[in-house]
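For reference, the structure is listed below as structure tokens.
The values are calculated or read from the model by the stated rules, or taken from the named source; none is laboratory data. On a predicted model such as this, the values are computed, not experimentally measured, just so you know. Cβ placement follows ideal geometry from the backbone for every residue including glycine, while neighbour counts extend to all protein chains displayed. Protein only, heavy atoms only, side chains kept; ligands, DNA and RNA dropped before computing areas. Shrake-Rupley method; radii C 1.70, N 1.55, O 1.52, S 1.80 Å.
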Amino acid sequence: MPNGNLQVLNALDVARTQWYHFTAIIIAGMGFFTDAYDLFCISLVTKLLGRIYYHKAGSSTPGSLPSNVAAAVNGVAFCGTLTGQLFFGWLGDKLGRKRVYGITLLLMVICSLASGLSFGRHPNDVMATLCFFRFWLGFGIGGDYPLSATIMSEYANKKTRGAFIAAVFAMQGFGILAGGMVAIIVSGAFKAQYPSPPYFKNPNGSTVPEADYVWRIILMFGAVPALLTYYWRMKMPETARYTALVAKDAKQAAADMSKVLQVDLEEERKQEKPGEKKGNDFGLFTTKFLSKHGVHLLGTASTWFLLDIAFYSQNLFQKDIFSAIGWIPKAKTMNALEEVYSIARAQTLIALFSTVPGYWFTVALIDKMGRFRIQLMGFFFMTLFMFALAIPYHHWTLPNNRIGFVIMYSLTFFFSNFGPNATTFVVPAEIFPARLRSTCHGISAASGKAGAMVGAFGFLYAADAIGVQKSLIILGVISFLGMLFTFLVPESKGKSLEEMSGEVEQENGNQTQGGQQSSTEIRIAQA
């Protein structure tokens, strides 16, 4: 008779797509909506923070954040995210996915609100409290990566698993879009209510006192979607794969699966043989893990690291690039609220026409094309368009060619999302053993956030020191390296999680070593 655990997992692999799958996508996806909103909305308000808190009397240009403060404000959330990915990834394997899932969301709600309430008498005090709360906001966001990916992969059937995990991640695009739209609405409303002259006409009057509310409202809005999904997240049962393979309770796994997947299951107890070994449970820091999955972990971690250097540099500094080519007017020709509005409008257009469609192209095609081909293609076109922008850079800065620059720049976003930005999230949730899946996804994601920190901190200084053109060339080289490291990552299309991780052989091997182990046989009842 087949092992009971494998029967549970086979039932999951062949289960038809049903309403609960889409509910899980929304519940997990709203976490990613919030993640993206919180991580990227800061880039919409950094110039406003500079005008409010670092204005210099008599200066011909508006106040701006000092380089070290700007790097801290932009990058501190990534430090928290990296830490959270490692910690919650490990905790998700130790305590179970569901038990840890609500903690991350509560952290995001509390710290989003606290970020908007940042206080202090002096500018540096306000920036310090903002950075403190954004670090812990990032810590909560970090936990959402391995937990959401692992939960969705363990609920899904093998035919549409890639699309379901990618759909969770695709909510990030809507989060970026929402950030721009909220900033447009808030800055537009305040601009209409509190009109003020541009900076060059009246430096002091161009930033009205009420502008201090604008950035706070934009940051605090990130708590709303997270709060709305907290109840439903707490109602989700533990995944059957964790219960069956890690907790070793196939009977409970069947009961949980029956509640949510509308599958009738019959259970039959089998006789236990005393002293039977129940699994080949090698750990993360073992030679066996290194031989079976070491190259895979290197592949997922390195490609995510390289991707995020390029992706986050583009997102956080697109406002500087658009200013450099003249798509956003010079700061001194606008008042503070007009500048927020212009930056938000540019980011919203990029998100609407390239970022969001790119994610959903991946959702539609990942189970047809496969993860490997999409990731390789994405890195290739990112490399191509980066060099196409960088080499004739002077050409793109001419007034008649600026629209062409924006289109080319948008295509780099499109192919990062219809490419490695989605697949680097999907693959680590599919190729590692259940007992290490959340941990390995957390390690891969943390490598990505290390890349994001290189982008947030390194390229802030690089753009100032070497200019936009050379920065784009470096990003092109990084994208090319990502294409090479993609060859370390296996294809998981159409395979069960247990096939990819090798747990099928382990379960079968344990069963044939003599005697019958304690388990629960699960059979799908025929109507």
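Considering only segment 206-253, state which residues are in a helix (DSSP H, G or I), over 30 Å from Gly116 (Cα atoms) and out of contact with any helix residue (DSSP H, G or I) (no Cβ under 7 Å at 6 or more places or on another chain). Reasoning before the result, please.
Within segment 206-253, the first condition is being in a helix (DSSP H, G or I), and the residues that meet it are 211-220, 223-235, 240-246, 250-253.
Cutting the leftovers down to over 30 Å from Gly116 (Cα atoms) gives us 240-246, 250-253.
Matches in segment 206-253: Lys251 only.
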Of (1) under 30 Å from Phe311 (Cβ atoms); (2) in a loop (DSSP other than H, G, I, E, B), Val76 satisfies all except one. Which? (2)
What about Lys98, is it closer than 22 Å to Pro428 by Cβ and open to solvent by 10 Å² or more (accessible area, probe 1.4 Å)? yes
Hey, among the residues in segment 410-422 that are buried (at least 24 other Cβ atoms within 10 Å of the Cβ) and in contact with a Leu (Cβ under 9 Å, 6 or more places away or on another chain), which one's nearest to Ser471 (Cα to Cα)? Thr412
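Step by step: first the residues of segment 10-36, then only those that are among the hydrophobic types (A, V, I, L, M, F, W, C), part of a helix (DSSP H, G or I) and more than 22 Å from Phe174 (Cα to Cα), then the one that is most open to solvent (accessible area, probe 1.4 Å). Which residue is that?
So in segment 10-36, the residues among the hydrophobic types (A, V, I, L, M, F, W, C) come out as 11-12, 14-15, 19, 22, 24-28, 30, 32-33, 36.
Restricting the remaining residues to those that are part of a helix (DSSP H, G or I) gives 11-12, 14, 19, 22, 24-28, 30, 32-33, 36.
Imposing the further condition that a residue be more than 22 Å from Phe174 (Cα to Cα) reduces the set to 11-12, 14.
Values: Ala11: 5, Leu12: 3, Val14: 88 Å².
Only one residue fits best here, namely Val14.
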Run down Ala351, Ala346 and say which single residue is small (Gly, Ala, Ser) and surrounded by fewer than 22 Cβ atoms within 10 Å (Cβ to Cβ). Ala346
Check off (1) closer than 30 Å to Leu95 by Cα; (2) in a helix (DSSP H, G or I) for Asn400 and give me the number that stays unchecked. (1)
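May I ask you to list the residues in segment 156-177 that are open to solvent by less than 10 Å² (accessible area, probe 1.4 Å) and either closer than 18 Å to Ser438 by Cα or more than 18 Å from the chain's Cα centre (by Cα) (or both)?
The initial filter retains those residues of segment 156-177 that are open to solvent by less than 10 Å² (accessible area, probe 1.4 Å), namely 156-157, 161-162, 165-170, 172-173, 175-176.
Scanning segment 156-177 gives Ala156, Asn157, Arg161, Gly162, Ile165, Ala166, Val168, Phe169.
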Of the conditions (1) at pLDDT 95 or above; (2) crowded, with 24+ Cβ neighbours inside 10 Å, Gly451 satisfies every one except a single condition; which number is it? (1)
Pairs under 6 Å by beta carbon, first residue under 11 Å from Gly162 (Cα atoms) and part of a helix (DSSP H, G or I) in segment 419-434, partner aliphatic (A, V, I, L, M) and open to solvent by 10 Å² or more (accessible area, probe 1.4 Å), six or more apart or different chains? Val427/Val489
Residue that is farthest from Arg373 (Cα to Cα) [pool: residues in segment 408-418 that are of a type in the set (A, V, I, L, M, F, W, C) and in a helix (DSSP H, G or I)]: Met408
Residue satisfying condition, being free of Cβ contacts under 8 Å to residues at least 40 places away in the same chain, touching a Leu at 6+ places or on another chain (Cβ under 9 Å) and part of a helix (DSSP H, G or I), within set Phe381, Phe387, Phe405: Phe381
Looking for whichever is buried (at least 24 other Cβ atoms within 10 Å of the Cβ) and farther than 15 Å from Gly442 by Cα here; the options are Ala77, Ala71. Which one fits? Ala77
What's the number of the condition Gly180 fails, among (1) part of a helix (DSSP H, G or I); (2) open to solvent by 20 Å² or more (accessible area, probe 1.4 Å)? (2)
From Leu105, Leu113, Leu39, Leu65, grab the single residue that is open to solvent by 10 Å² or more (accessible area, probe 1.4 Å) and part of a helix (DSSP H, G or I). Leu113
Note down all Cβ pairs under 8 Å where the first residue falls in segment 30-59 and is closer than 23 Å to Met334 by Cα, the second is surrounded by fewer than 18 Cβ atoms within 10 Å (Cβ to Cβ) and among the hydrophobic types (A, V, I, L, M, F, W, C), and they're at least six residues apart or on different chains. Tyr53/Val126
Looking at Gly358, is it out of contact with any strand residue (DSSP E or B) (no Cβ under 8 Å at 6 or more places or on another chain), part of a helix (DSSP H, G or I) and closer than 22 Å to Lys470 by Cα? no
